[in-house]
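A.B. asks: Take this structure first; my questions come after.
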Amino acid sequence: MADTRRTGLNELHRELGARMVSFAGWDMPVQFPMGVMAEHLHTREKAGLFDVGHMGQVLIRPQDGDIASAALALETVIAADVLSLPEGRQRYGLFTNDTGGILDDLMFANRGDHFLLVVNAACAQQDIAILKGLAGVTVTPVTDRGLLALQGPQAAEVLARIVPQAADMRFMDSVTLDWQGHALWVSRSGYTGEDGYEISVPEAQVEAFARALLEHPEVAPIGLGARDSLRLEAGMPLYGHDMDAGVTPGAAGLGWAVSKARRQGGAREGGFPGAGVILPELARGATSVRRGLRPEGRAPIREGVVIFAANEGGEPLGQVSSGGFGPSVGGPVAMARIPADIPEGTTVFAELRGKRIPATVAALPFITPSYKR
């Protein structure tokens, strides 16, 4: 634990009674006294406050002052359309490797004269090394800011009470707003399927800002446990589980993140690692793809559980990459990479403790997202 890092909210988490765990090298709250189930439902019904300060924030600046040159540099390592992203907007992207696998998923925002990237904590060191290999840009890891996520149907109302301009933002807007003379980097986004915001706050003010949000009765602190069940219900993949260096964007169900301009026949076709594998697969369709499963009964089927076509015998179809109980859905939900041609509504079987449990192939997401378009 001596090398475990702490976010600027560590003392507040402990004051609030959080159960802390080591996660991606950080000391993080997995749940608060409310409990994972109640935290999950509170976020779906009101507003949940998440500490995501473990995520990596990185600034990319063009050395020639031309934001387009920085965009084109990023396109050599990110399988997405960076060049067309307007100022004040954010987009989802993927770092890929030479064999077509996913090295990380990230958000990138055009902030006028530079880009802001937010990457996964466990991959931050690797991602920064990749970025520092780019020509013509200056790469600056952000080390003096915390990151919060305020999520839920009442998130906009609450944030607008203390930062009024936040109410006017649309889904995937990314702007700088003022709070008591301090610059907040705010995006209208999140990883729960709910409307909400991710807010980068100067480290010296992050606890005060979190306390200002928690003063509102609609807001409760939420831990990693509910963050996982919320993203699972929303059909959102998690790096290291639903995708990794051996899984292509097509197999991960993330082909949509590879923009038209970067695909076969696009204006800037390919040019990123693994394009020779990724683009033909996207054109023909991956044979196995991340799909939704709704197991029968109440027992969750979790990562690693093997899926079969029949209730006995036969070869495996694939295995679960994420699974658990969906509090909003009212039953277990899971995602697995299984053949793409299996129709929705088909019954497959999950082998759980020597017994095969029926599960229905279901559409993703399991809940209807509520983003402000």
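The values are calculated or read from the model by the stated rules, or taken from the named source; none is laboratory data. In this text, all values refer to a predicted model and were calculated from it rather than measured experimentally. With ideal geometry, Cβ positions are generated from the backbone for all residues, glycine too; neighbour counts draw on all protein chains shown. The protein model used for the area step is the full one, side chains on, heavy atoms only, and it has no ligands, DNA or RNA in it. Shrake-Rupley method; radii C 1.70, N 1.55, O 1.52, S 1.80 Å.
A.B. asks: Could you work out the per residue convex hull volume over the alpha carbons of region 185-264, in cubic angstrom?
C.D. replies: Per residue, the Cα convex hull of region 185-264 comes to 149 Å³.
A.B. asks: Work through the residues other than residue 191 whose Cβ is under 12 Å from its Cβ and net out their charges, Lys, Arg +1 and Asp, Glu -1.
C.D. replies: Local charge sum for residue 191: -3.
A.B. asks: Then there's this: Assuming R0 = 35 Å, can you tell me the calculated FRET efficiency for the pair residue 63 and residue 283, based on Cβ-Cβ distance, to the nearest 0.05?
C.D. replies: About 0.45, to the nearest 0.05.
A.B. asks: For region 113-221, which chymotrypsin sites (Phe, Trp or Tyr not before Pro) pass both filters: DSSP loop (anything but H, G, I, E, B) and at most 10 other C-beta atoms within 10 Å?
C.D. replies: For chymotrypsin sites (Phe, Trp or Tyr not before Pro) across region 113-221 that sit outside H, G, I, E and B with at most 10 neighbouring Cβ atoms in 10 Å, the list is empty.
A.B. asks: Considering every pair of different Cα atoms, what Kirkwood radius, in Å, is found for the chain?
C.D. replies: The answer is 21.4 Å.
A.B. asks: Assuming R0 = 56 Å, what is the FRET efficiency of residue 129 and residue 309, from their Cβ-Cβ distance, to the nearest 0.05?
C.D. replies: Rounded to the nearest 0.05, the efficiency is 0.85.
A.B. asks: Here's a follow-up. Can you figure out the FRET efficiency of residue 268 with residue 114, using R₀ = 22 Å and their beta-carbon distance, to the nearest 0.05?
C.D. replies: That pair, residue 268 with residue 114, gives E of 0.60.
A.B. asks: While we're here: Would you work out the Kirkwood radius for region 1-140? I mean one over the mean of 1/r across all pairs of different Cα atoms, in Å. Can you show the working numbers first?
C.D. replies: Numbers: mean 1/r = 0.0590 Å⁻¹.
The answer is 16.9 Å.
A.B. asks: How long are the semi-axes of the ellipsoid equivalent to region 287-373, from square roots of 5 times the Cα gyration tensor eigenvalues, in whole Å, largest first? Let's see the in-between values first.
C.D. replies: Working: eigenvalues 95, 46, 21 Å².
Working from the Cα gyration tensor, I get semi-axes of 22, 15, 10 Å.
A.B. asks: Put a dot 7 Å past each Cα toward the Cβ at residue 76 and residue 261; how far apart are the dots in nm?
C.D. replies: Label-label distance for residue 261 and residue 76, simple model: 1.8 nm.
A.B. asks: Count charges around residue 14 for me, please; just the other residues with Cβ under 11 Å from its Cβ, Lys/Arg as +1, Asp/Glu as -1.
C.D. replies: On the way: positive: 6, 19; negative: 11, 15, 27.
Net charge in that neighbourhood comes out at -1.
A.B. asks: Probe 1.4 Å, all protein chains in place: accessible area of residue 344 in Å², nearest 10?
C.D. replies: 120
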